[in-house]
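Asks: I'd like to ask you about the structure that follows.
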There are 2 protein chains.
Amino acid sequence: MENRITRLLGIEFPIIQGGMIWCSGWKLASAVSNAGGLGLIGSGSMYPDVLKHHIQKCKTHTDKPFGVNVPLLYPNIEDQMNIIADEGVKIVFTSAGNPAAWTPWLKERGITVVHVVANTKNAKKCEGLGVDAIVAEGFEAGGHNGREETTTMCLIPMVREVCNLPLIAAGGISSGKTIAAAICLGAEGVQAGSRFAASAESSAHASFKQAILNAGDGDTQLTLKELTPVRLLKNKFYNDVIEAYNKDASTDELVALLGRGRAKKGMFEGDIDEGELEIGQASAFIHQIKPAGEIVREMMDEYRQTRGSLPAL
Amino acid sequence: MENRITRLLGIEFPIIQGGMIWCSGWKLASAVSNAGGLGLIGSGSMYPDVLKHHIQKCKTHTDKPFGVNVPLLYPNIEDQMNIIADEGVKIVFTSAGNPAAWTPWLKERGITVVHVVANTKNAKKCEGLGVDAIVAEGFEAGGHNGREETTTMCLIPMVREVCNLPLIAAGGISSGKTIAAAICLGAEGVQAGSRFAASAESSAHASFKQAILNAGDGDTQLTLKELTPVRLLKNKFYNDVIEAYNKDASTDELVALLGRGRAKKGMFEGDIDEGELEIGQASAFIHQIKPAGEIVREMMDEYRQTRGSLPAL
C-alpha cells in the first residue's frame, strides 16, 4: 500500500506505535519499525541524556525509519529538541502543546513533523504551520486527552472535513478491525498506544502489563479535567482522586495529591495501587502480551480479512 | 444484502432510525421504512393514546416493517405495551431498563425484541433472555447514555467478543463512512439518531433542527451523571446545570433544576435557551436538513463508495 502516510514516513504499513511515557523506549520503537510500522520513542518520561541513549540504541537496532514523540508540556524541551536534531532523527511527533512553537525550527532542520490534536480547531491550525501530518486522537485514548471529549468515530470525519493534511487516527485502535474502521472514517494511518504498551518489548512494568490484560469494559475513566484531562485505569490512586473530588478538593489539592512521579511509580515501577496508570479503553480487548512485530503483522492480517469480508449492500 | 439484521427485521438495508423522544413520530418512522430501513416510533414522549394514533398512522403510510422504541424508565409502560400488542406492532426496541422485565411478555405475543445496551455486562445478559438482537450504543450518542462511557469504536468489538446476538451499532452513526466503520468493527447494522432528528419528517421543532446544524466539535457534553447520564447540546439550560455543579448542588437540587417538560420545551417547542436538547456528537457533521428517505439512500451510496475504496495494504 502506498498512501500519503506511508510515503511521508517511508514505512511499509501505516501503523504508528504511540510514543508513550514509560512504555516506549528503543526496544519497542525498533521492534515496530523493523516490522514495517513506525516506532516512536516516548521522550516525555526521559531526561535528555536518557533520550540520547535511546535514540542511539534505536539507530543500531533498526535501519528503518523511527521517530521521537515530544509532549510540549514537559520541561527540557529545548534540550530534547537539540538532541533529536544532533542525532539526526528524521521524524518528530509533537503533542500536548502549541504546534507553532517548534514546527518551524524542526522543518528548518529537515525533520518531518506530525502533530497530535484532539479537536478540529487545532487540526485547522496545523495546516497553516507547515506541519506534515496530524494525529487526531479520540476520547477513548489513554493518557492526556482533549477537553471536547470527541470520540474517534466522530473526530476523524470532522477533522477530515476541515483539514487536508495526511491524517492518522488514534484512540481505540488495537486491531485490524479498528484500523479498517479508522480508514473507512477518512484516516490514512493509525496510531496505537495501549496495544503496544502490552507488548513484549514495552518497558512498562510486568505488573502494569498484567493490569492492562485484566482491564475490562468501564475500567478506565477520563479524570483530573481541572489539570490536564487524563484517562486512567481505575485503581486505589484513582479512587483517592474521586474521594478528593467528593470532598470538593481545590485544584491545588489535586495537584498535591497527584504529586511527582506517580506515572513512573505505576507504569514503570509496577505499583499498581499507588501509581498513575495511563491506558485507553482498548485495554478491555487486549488479552495477551505479544512481541510488537507480531502485533503489527496480526493487525495487518486482520485488516485484510476485514476489508475482504465487508459485505455488499 | 442479506444478513442477520435485515432478515430478522425484514428490511432491505440494515439502517435503523433511532426511536427518539419528540423527534420520531409516524411521519419519520414511515419515511425511513418506505426507504428500506427500519423506522421506529419513539414512545418515550407519548401518552398511550398518542402512541396509538402514531402506530395507526404509521400502518396506513407504510406497508413495510416498522417498530416502536420503549424506554423502560418511563411510566405507563404497561399501557404502552398493551397498545403495541393490540395494534399488531411486530418489532419493539426496549431501552433504558432491564430487558428481563418485558422480553418474555413480548416474545409470547410473537413480537421481535431488540434491546439497547451500553456495556458488555448487559449485552451478555440479553443472550439468556430471548432477546432477538441488541443495539450497542457508544458514549458519543445523544440522549441517555451508559455510565461506562465506552465509545462506539471500543464498545462494538467488546460486545462482539462476549455476545453472539445480531448486533446493531449506535453512537456517532450519521453517514455511509460511519456505517462502514461500524460493520468493520463487527456490527451487522446501525442505528442513527441525530442524523434523522435533523430530517424533514422529524417532529423536532425547526429551531432545534437549526441548532443541530449549527453544532460543532465540542458543543455537546455528557452530564447529569448523578441522575441518568444524558448527552446535551450546550445552551443556557446546560450552563445552568454546570453552574449548579459549581455551587455543589445536591441530587435533589439537580432534579428540581431539570424539572418537568424540559426536553419537550427544547426539542418540540423550540425553546433553545431553556430546553433540554438531547443530541449526539455526530451533530457536528450534520449540515443540512434532508428528507429521511434521501438520508437512507445517501448513506447506502456512501457505504458502497467507502467499501469500494478501502485500500489493499
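Asks: In this structure, does A:Ile83 turn out to be out of contact with any strand residue (DSSP E or B) (no Cβ under 7 Å at 6 or more places or on another chain), aliphatic (A, V, I, L, M) and assigned by TED's automatic domain parsing to the domain that holds A:Ile11?
Replies: Numbers: out of contact with any strand residue (DSSP E or B) (no Cβ under 7 Å at 6 or more places or on another chain): yes; aliphatic (A, V, I, L, M): yes; assigned by TED's automatic domain parsing to the domain that holds A:Ile11: yes.
Yes; evaluated as a whole, the condition is true for this residue.
Asks: Does A:Ser194 satisfy being in the same structural domain as A:Ile21 (by TED's automatic domain parsing), hydroxyl-bearing (Ser, Thr, Tyr) and under 30 Å from B:Arg307 (Cβ atoms)?
Replies: Numbers: in the same structural domain as A:Ile21 (by TED's automatic domain parsing): yes; hydroxyl-bearing (Ser, Thr, Tyr): yes; under 30 Å from B:Arg307 (Cβ atoms): yes.
Yes, satisfied.
Asks: Condition first: among the hydroxyl-bearing types (Ser, Thr, Tyr) and surrounded by fewer than 21 Cβ atoms within 10 Å (Cβ to Cβ). Can you find one or more residues in the stretch A:190-202 that meet it? Walk me through how you get there before you give the answer.
Replies: Our first condition is that a residue be among the hydroxyl-bearing types (Ser, Thr, Tyr); within the stretch A:190-202, this holds for A:194, A:199, A:202.
Pick out the ones that are also surrounded by fewer than 21 Cβ atoms within 10 Å (Cβ to Cβ) and you get none.
Within the stretch A:190-202 (the criterion being among the hydroxyl-bearing types (Ser, Thr, Tyr) and surrounded by fewer than 21 Cβ atoms within 10 Å (Cβ to Cβ)), the answer is no, since none of the residues qualifies.
Asks: Need the failing condition index for B:Ala182 against (1) within 11 Å of chain A (Cβ to nearest Cβ); (2) in contact with a strand residue (DSSP E or B) (Cβ under 6 Å, 6 or more places away or on another chain); (3) under 17 Å from B:Gly280 (Cα atoms); (4) part of a loop (DSSP other than H, G, I, E, B), just the number.
Replies: Single failed check for B:Ala182: (4).
Asks: Among the numbered criteria (1) free of Cβ contacts under 8 Å to residues at least 12 places away in the same chain; (2) away from chain A (no Cβ under 12 Å); (3) over 30 Å from A:Ala182 (Cβ atoms), which single criterion is violated by B:His205?
Replies: Just one mismatch for B:His205, condition (1).
Asks: Residue by residue through the stretch A:100-157, note down the ones that are touching a helix residue (DSSP H, G or I) at 6+ places or on another chain (Cβ under 8 Å) and among the basic types (Lys, Arg).
Replies: Hits for the stretch A:100-157 are A:Arg109, A:Lys124.
Asks: Which number in (1) modelled with pLDDT of 95 or more; (2) outside any helix (DSSP H, G or I) marks the one condition that A:Gln210 misses?
Replies: Checking A:Gln210 against (1) modelled with pLDDT of 95 or more; (2) outside any helix (DSSP H, G or I), the one that fails is (2).
Asks: A further question on this structure: Would you tally the residues in the stretch B:64-80 being assigned to a loop (DSSP other than H, G, I, E, B), over 22 Å from B:Arg147 (Cα atoms) and touching a strand residue (DSSP E or B) at 6+ places or on another chain (Cβ under 7 Å)?
Replies: 1
Asks: So A:Glu161 clears everything in (1) part of a helix (DSSP H, G or I); (2) touching a Phe, Trp or Tyr at 6+ places or on another chain (Cβ under 9 Å); (3) within 7 Å of chain B (Cβ to nearest Cβ); (4) crowded, with 24+ Cβ neighbours inside 10 Å except one condition, right? Which one?
Replies: Here A:Glu161 meets the rest and fails (4).
Asks: Condition first: small (Gly, Ala, Ser) and either within 12 Å of another protein chain (Cβ to nearest Cβ) or part of a loop (DSSP other than H, G, I, E, B) (or both). Now tell me which residues in the stretch A:193-202 satisfy that.
Replies: Pass one, the stretch A:193-202, residues small (Gly, Ala, Ser): A:193-194, A:197-200, A:202.
Within the stretch A:193-202, A:Gly193, A:Ser194, A:Ala198, A:Ala200, A:Ser202 qualify.
Asks: Now, a different point. Would it be correct to say that B:Leu9 is in the same structural domain as B:Asp86 (by TED's automatic domain parsing), out of contact with any Ser or Thr (no Cβ under 6 Å at 6 or more places or on another chain) and surrounded by 23 or more Cβ atoms within 10 Å (Cβ to Cβ)? Steps first, please.
Replies: On the way: in the same structural domain as B:Asp86 (by TED's automatic domain parsing): yes; out of contact with any Ser or Thr (no Cβ under 6 Å at 6 or more places or on another chain): yes; surrounded by 23 or more Cβ atoms within 10 Å (Cβ to Cβ): yes.
So B:Leu9 fits the description; yes.
Results for (1) surrounded by fewer than 24 Cβ atoms within 10 Å (Cβ to Cβ); (2) more than 12 Å from chain A (Cβ to nearest Cβ); (3) under 17 Å from B:Gly42 (Cα atoms); (4) of a type in the set (Asp, Glu), shown as yes or no for each residue.
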position: B:Leu72; (1), (2), (3), (4): yes, yes, yes, no
position: B:Glu78; (1), (2), (3), (4): yes, yes, yes, yes
position: B:Ile84; (1), (2), (3), (4): no, yes, yes, no
position: B:Ile91; (1), (2), (3), (4): no, yes, yes, no
position: B:Pro104; (1), (2), (3), (4): yes, yes, no, no
position: B:Gly128; (1), (2), (3), (4): yes, yes, no, no
position: B:Phe139; (1), (2), (3), (4): no, no, no, no
position: B:Gly146; (1), (2), (3), (4): yes, no, no, no
position: B:Thr150; (1), (2), (3), (4): no, no, no, no
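Asks: Can I ask one more? In the stretch A:87-118, what residues are among the aliphatic types (A, V, I, L, M), part of a loop (DSSP other than H, G, I, E, B) and under 19 Å from the mean Cα position of the chain (by Cα)? Reasoning before the result, please.
Replies: Of all residues in the stretch A:87-118, those among the aliphatic types (A, V, I, L, M) come to A:89, A:91-92, A:96, A:100-101, A:106, A:111, A:113-114, A:116-118.
Among the residues that remain, those that are also part of a loop (DSSP other than H, G, I, E, B) are: A:89, A:96, A:100-101, A:111, A:118.
Answer for the stretch A:87-118, where residues must be among the aliphatic types (A, V, I, L, M), part of a loop (DSSP other than H, G, I, E, B) and under 19 Å from the mean Cα position of the chain (by Cα): A:Val89, A:Ala96, A:Ala118.
The values are calculated or read from the model by the stated rules, or taken from the named source; none is laboratory data. Owing to the predicted nature of the structure, the values given are computational and were not obtained by experimental measurement. Please note: Cβ atoms are built from the backbone with ideal geometry, for glycine as well, and neighbour counts cover all protein chains shown.
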